[in-house]
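The values are calculated or read from the model by the stated rules, or taken from the named source; none is laboratory data. Fair warning: this is a prediction, and the values are worked out from it, not measured in the lab. Cβ atoms come from the backbone with ideal geometry, glycine included; neighbour counts cover every protein chain shown.
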Amino acid sequence: MKDSLKVVLYQLVFYLVRLVPTRREPRHLLLVKTDEIGDYILVRNHLSLFKETASPYKDYKITFVGNILFKPLFDLYDSQIADDVIWLDKKKFRADLWYRYDILRRIRKVPASDAISLVYSRFWRKDDVIIAVSPAVNRTAMESDSRLIPSYERRLTPRNIYTRLEDSGPETLFDAIRNARYIERLVGFAARTVKTSIDVRADVGSFSLPAAFFVVFPGSGIPEKKWPAARFAEVSRHLAGRYGLMPVVCGSGGDRADCDEFIRAYAAPVLDLTAKTSLPQLLAVLQAAVCLVSVDTGSVHLAAAVGCPVFALYSGLHYGRFAPYPAAIAKHFYPIYPAGFEKMVKEDGDNIDYELIPIDMLKEIPAAKVIAAIDASPIIERGLPV
């Protein structure tokens, strides 16, 4: 009942916003990328294509709509691609009707002639509504499978939100490649080398980082993705005992409880940087680390972007889209899957719907499997003591 009421209220807000008067300017592009930090890392190196000399959008005014979580990275690295930016707090967008109305009204007032969504997995209430309120005549997105969208939400979604849907490849295509090919088609460029690399520009001298350390990222905003703190501690004790590395604990303020639980379980010295680093500083910490140990979070994409070896735990959900990384993009990226998932792939890999893998399957992964992956990897190349 509560969700049904929210749906009704969301629709009411949409129809109210559609009453706001609009105007259009020629050559004004609304560019929308409102999913998570990791998703932004997998597209950001191709955003500049919109402004290249041969791009049909090179002389367009660009208004960018982005998730406020990656604002520090956008401001530092990519602000030159946009003339104006509207930042979206997704939690408030879901919970606060007045905030939702205000954001959609602001987007409605952008006098765009063209609108492009850079979001692959889109839902009406979270994503498509942003394009639907725009006055843009030309509205473009990637084709995506709607089978996971609840039937009632499909019924609520207006028809013909987009005037152009681009083939985005199979669901198992790595997202950085999908994004690159999509943007290249929009601007009419030939395929280019796909990279997610990012140069580090932050100073972390004030943190007094250990001489040899690894980063442990024990938190997750999704409860089903969380891995037991005791297992993170077991892996960390192995890294400390065999390789002489100190754990550096990282996470946002929302990860505080998970980080504290890990620190108690580890019961040995750590450097706790939870909620102390900006995103640019986190990149610098990861670049200096021997490796990262984490569940499937944005941290794994940040680490891969600066060349830090990654040991990441996955359930198998979205297999191919976000992991494994192609070796040409990130050489030392080691996804670790539960035995149950690996058995499924071995026995019936061609018929698995990877979008339906239970996300909490990663909790089945034992610490010994992560330890074995670390010991079998060439991370000694990163300067570990012999």
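Restricting the search to the range 287-299, which residues are farther than 10 Å from residue 200 by Cα and outside any loop (DSSP other than H, G, I, E, B)?
288, 292, 293, 294, 295, 298, 299
(1) in contact (Cβ under 8 Å) with a residue 12 or more places away in the chain; (2) over 15 Å from the mean Cα position of the chain (by Cα); (3) surrounded by fewer than 19 Cβ atoms within 10 Å (Cβ to Cβ); (4) farther than 26 Å from residue 254 by Cβ: which one isn't true of residue 197, the others all being true?
Result: residue 197 fails condition (2) only.
Do we find that residue 232 is closer than 27 Å to residue 372 by Cα, touching a residue at least 60 places away in the same chain (Cβ under 8 Å), touching a helix residue (DSSP H, G or I) at 6+ places or on another chain (Cβ under 7 Å) and outside the structural domain of residue 42 (by TED's automatic domain parsing) in this structure?
Working: closer than 27 Å to residue 372 by Cα: yes; touching a residue at least 60 places away in the same chain (Cβ under 8 Å): yes; touching a helix residue (DSSP H, G or I) at 6+ places or on another chain (Cβ under 7 Å): yes; outside the structural domain of residue 42 (by TED's automatic domain parsing): yes.
Spelling it out, residue 232 is indeed closer than 27 Å to residue 372 by Cα, touching a residue at least 60 places away in the same chain (Cβ under 8 Å), touching a helix residue (DSSP H, G or I) at 6+ places or on another chain (Cβ under 7 Å) and outside the structural domain of residue 42 (by TED's automatic domain parsing).
Determine which member of the set 86, 116, 107 is over 30 Å from residue 199 (Cβ atoms), among the aliphatic types (A, V, I, L, M), in contact with a Ser or Thr (Cβ under 9 Å, 6 or more places away or on another chain) and crowded, with 16+ Cβ neighbours inside 10 Å.
On the way: 86 fails: over 30 Å from residue 199 (Cβ atoms); 116 fails: over 30 Å from residue 199 (Cβ atoms).
Of the residues listed, the single one that is over 30 Å from residue 199 (Cβ atoms), among the aliphatic types (A, V, I, L, M), in contact with a Ser or Thr (Cβ under 9 Å, 6 or more places away or on another chain) and crowded, with 16+ Cβ neighbours inside 10 Å is 107.
Which of the residues that make up the range 112-162 are within 24 Å of the chain's Cα centre (by Cα) and aliphatic (A, V, I, L, M)?
115, 116, 118, 119, 129, 130, 131, 132, 141, 142, 148, 149
Taking the condition crowded, with 20+ Cβ neighbours inside 10 Å, outside any loop (DSSP other than H, G, I, E, B) and touching a residue at least 24 places away in the same chain (Cβ under 8 Å), does residue 345 pass?
no
Is it fair to say residue 59 is modelled with pLDDT of 95 or more and either touching an Asp or Glu at 6+ places or on another chain (Cβ under 7 Å) or not in a loop (DSSP other than H, G, I, E, B) (or both)?
When the stated conditions are applied, residue 59 does not pass them.
Here is a check on your reading of the model: is residue 240 under 23 Å from residue 379 (Cβ atoms), over 28 Å from the mean Cα position of the chain (by Cα) and buried (at least 18 other Cβ atoms within 10 Å of the Cβ)?
yes
Can you pull out every residue in the range 156-180 that is in a helix (DSSP H, G or I) and in contact with a strand residue (DSSP E or B) (Cβ under 9 Å, 6 or more places away or on another chain)?
178, 179
Quick check: is even one residue across the range 91-113 within 22 Å of residue 183 (Cα to Cα), of a type in the set (Ser, Thr, Tyr) and either touching a residue at least 40 places away in the same chain (Cβ under 8 Å) or outside any strand (DSSP E or B) (or both)?
For the range 91-113, residues within 22 Å of residue 183 (Cα to Cα), of a type in the set (Ser, Thr, Tyr) and either touching a residue at least 40 places away in the same chain (Cβ under 8 Å) or outside any strand (DSSP E or B) (or both): present.
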